[in-house]
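S.K.: Can you keep this structure in mind? I'll have questions shortly.
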Amino acid sequence: MSENIKKFMYLNRRAPYGTIYAWESLEVVLIGAAFDQDVSLAFIDDGVYQLVKGQDTAGVEMKNFSPTYQALGDYDVTKLYVEKESLEERGLSVDDLMPLTYEDEDDDWAEKDSIRLVSRAELAGIMEEQDILFSF
Amino acid sequence: MSTLHTVNKSPFEKRSLDSCLGYALEGSSVLLYEDAVYGAIKGTSLADKMSSAAGVKFFVLGPDLKARGVSEDKLLDGIEIVDYAGFVKLAADNDRVQAWV
């Protein structure tokens, strides 16, 4: 571990498709993944909608970028914090979200969940540990 | 005389749907599309408000539901799904359109 590694968090607060924020965030995350930093993503407010499974955009003629979240593990982006309160306010549970996993190289490549369900208070604490916060 | 109200912003981010519900009189129609379709889901913090809108008929745009992974069984009771042609028909069948953009 180099001393130059910083903790980067991407904070996602918008629904997909209605605005470009969600897609832009994903693009920046994938670009940033090349720089070997300690990256995590947080999904709060309408951002939790980005991870809802079963998205089918054929009828609105837009690109369905939701499968891209499944590729994040291959870029060592393995910490996706989802805030419980935001899910509950929207009538959602973790079962409504895409199953996202990664292979842990420090644990014989065991498959593990990338999604970490956290409370608002827990996430506030995790944000406090970050060096840099990106807002989308 | 009837009015079609349209809402396209997420009710969890903007107040457009709330404003609309304050103005939608008995006999009017409300069409939810784009990010406003999230307002049509049951079990949310605003479901009670939607259900208490008396004499208002709710519609939701099907392609926008599908894009967002919202299946039909997740919708509040009494909401009708329309396609783009149905959107046009609603606009034509009502006397006026109020867009809560």
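Read the figures in this text as sums done on the coordinates, not as results from a lab. What you see is a predicted model; the values in this text were computed from it and never measured. Cβ atoms come from the backbone with ideal geometry, glycine included; neighbour counts cover every protein chain shown.
S.K.: Would you mind ranking B:Arg15, A:Arg14 so that the residue whose beta carbon has the fewest other beta carbons within 10 Å leads the list?
M.R.: B:Arg15, A:Arg14
S.K.: Any idea which of A:Gly73, A:Tyr17, B:Val97 is furthest toward the positive side of the dipole for the protein assembly as shown, if Lys and Arg beta-carbons carry +1 and Asp and Glu beta-carbons -1?
M.R.: The one lying farthest along the dipole's positive direction is B:Val97.
S.K.: Could you give the length gained by full extension between B:Ala54 and B:Glu80, i.e. 0.36 nm per residue of separation minus their alpha carbon distance, to one decimal place? Before the final figure, lay out each step's value.
M.R.: On the way: separation 26, 0.36 × 26 = 9.36 nm, distance 1.58 nm.
7.8 nm is the gain from fully extending B:Ala54 to B:Glu80.
S.K.: May I ask for log10 I(q)/I(0) of the range B:3-100 at q = 0.11 Å⁻¹, from a Debye sum over the Cα atoms as equal point scatterers with solvent left out?
M.R.: -0.26
S.K.: Skipping prolines and chain starts, which residues have an amide H placed within reach, meaning under 5 Å, of the one on B:Val56, given they are 5 or more residues away or on another chain?
M.R.: Here the answer is B:Gly27, since their amide H atoms fall under 5 Å of that of B:Val56.
S.K.: Between B:Leu75 and residues 5 or more places away or on another chain, which pairs have amide H atoms under 5 Å apart, with H built 1.01 Å from N, and which residues are they?
M.R.: For B:Leu75, whose amide H was placed from the backbone, the distant partners under 5 Å are B:Lys42.
S.K.: Based on the Kirkwood radius over alpha-carbon pairs, what value in µm²/s does the Stokes-Einstein equation return for the translational diffusion coefficient of the protein assembly as shown at 10 °C and 1.306 mPa s?
M.R.: The calculation lands on 83 µm²/s.
S.K.: Additional query: Got a sec to turn the phi values of the range B:80-94 into Karplus ³J(HN,Hα) couplings, 6.51 cos²θ - 1.76 cosθ + 1.60 with θ = phi - 60°, whole Hz, x for Gly and Pro?
M.R.: Residue by residue, the range B:80-94 yields 9, 8, 10, 9, 4, 5, x, 4, 4, 5, 4, 4, 6, 6, 8 Hz.
S.K.: Right, another one. Return the sequence-ordered ³J(HN,Hα) values of the range B:52-64 in whole Hz as given by the Karplus equation 6.51 cos²θ - 1.76 cosθ + 1.60 applied to θ = phi - 60°, using x for Gly and Pro.
M.R.: For the range B:52-64, the Karplus curve yields 8, 6, 6, x, 9, 9, 9, 10, 9, 7, x, x, 6 Hz.
S.K.: Here is a follow-up. Sort out for me the Cα centre separation of the range B:50-74 from the range A:111-135, rounded to whole Å.
M.R.: 32 Å
S.K.: How large is the convex hull of the C-alpha atoms of the range A:25-91 per residue, in Å³?
M.R.: It is 97 Å³ per residue.
S.K.: How much length would be gained if the chain were fully extended between A:Met62 and A:Met127, taking 0.36 nm per residue of separation minus their Cα-Cα distance, in nm to one decimal?
M.R.: Roughly 20.2 nm would be gained on extension.
S.K.: Please report the antiparallel percentage of DSSP beta bridges with both residues in the protein assembly as shown, rounded to the nearest 5. Intermediate values should be presented prior to the final figure.
M.R.: On the way: 6 of 39 bridges.
Counting DSSP beta bridges with both partners in the protein assembly as shown, the antiparallel share is about 15 percent.
S.K.: Related question: Over the Cα atoms of chain A, how large are the radius of gyration and the largest Cα-Cα distance (Dmax), in Å?
M.R.: Cα radius of gyration and Dmax of chain A are 14.6, 48 Å respectively.
S.K.: Considering only the range B:3-100, what is the antiparallel percent among its DSSP beta bridges, to the nearest 5?
M.R.: Antiparallel: roughly 5 percent of the beta bridges in the range B:3-100.
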